[in-house]
Amino acid sequence: MSKTKFSARYFKRSFAETLGTTATGTARTLEHTITISNGNLKLAPNDNVKYIIFNLLAVTTCPFRTAHCEASCYALKAERNYPDCKPCRERNLDATKTAGFIPNMIELIEETIKRPSYKNGKKIVVRIHESGDFYSQEYFNKWLMIADHFKDNKKLVFVAYTKSINFVHDIPANMVIRYSVWDDTEPDQIAKAATLNLPIYTAVDKFQDEPQREKCDCINCSTCFKCFNNKFEILKCEIH
């Protein structure tokens, strides 16, 4: 069976960062733009679930990447194949480093979920980092504050796969963070993920003898939902 063709839609929000004033007293500002999308081939929206995807640069924003992870990084393919992809992710990265990122991301999410195409979804998944990772403690904390703003919205869940567990703490109920494991992931990092009660997502058979290991072989995540909750402790997928 061939995959259903999906064309993503993109939503943007621009804001200005004040950098100070010139010698004549004129404000010096820098324009920033946040871009999100409504899905991809695996995260295709339907009546059950809608998506908001936010991306950063592949590899360079992943401080705890492993050699095998970098060698198999699927997110690099888009940066190589689509000329507009890398500049868009660079602009997103620049925006995350400003004080305006939190309020403007909140506004962009609020604007998006009010769109008619989102209103009929039973669940809305904010997929943090189809590409990229939490590159600093300050940046991770910003997402905690964004998620906290939407804590009363029972339809909305924030989902991220990460290797940056050194930054992870106080995960709210409306956020699912899966620790991404490769065959060259250090055992002490896996142990640390266990102390944080993080569910695991792996593309290798490191956990093949674990009774709680569940294989994920779905073509479309919108019909599966295993990754979007903490019920499945260890999910094994194929490298893609």
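Observations on the model:
- 5 angstrom amide H check on LEU156, placed H, neighbours 5+ away: ILE124
- Flagged links, alpha-carbon separation over 27 Å, of LYS77/LYS114; LYS12/LYS151; LYS42/LYS163; LYS97/LYS163; LYS123/LYS192; LYS12/LYS122: LYS77/LYS114; LYS123/LYS192
- In terms of other Cβ atoms within 10 Å, ARG65, ARG89 run from fewest to most in the order ARG65, ARG89.
- Sorted by Cβ neighbour density within 10 Å, fewest at the top, the residues SER136, SER37, SER131, SER7: SER7, SER136, SER37, SER131
- Neighbour-count ranking [beta-carbon atoms within 10 angstrom, fewest first] of ILE171, ILE146, ILE34: ILE171, ILE146, ILE34
FYI, it's all coordinate maths here, none of it is from the lab. Since this is a predicted model, take the numbers as computed values, not measurements. Neighbour counts run over all protein chains shown; Cβ positions are idealised from the backbone, glycine included.
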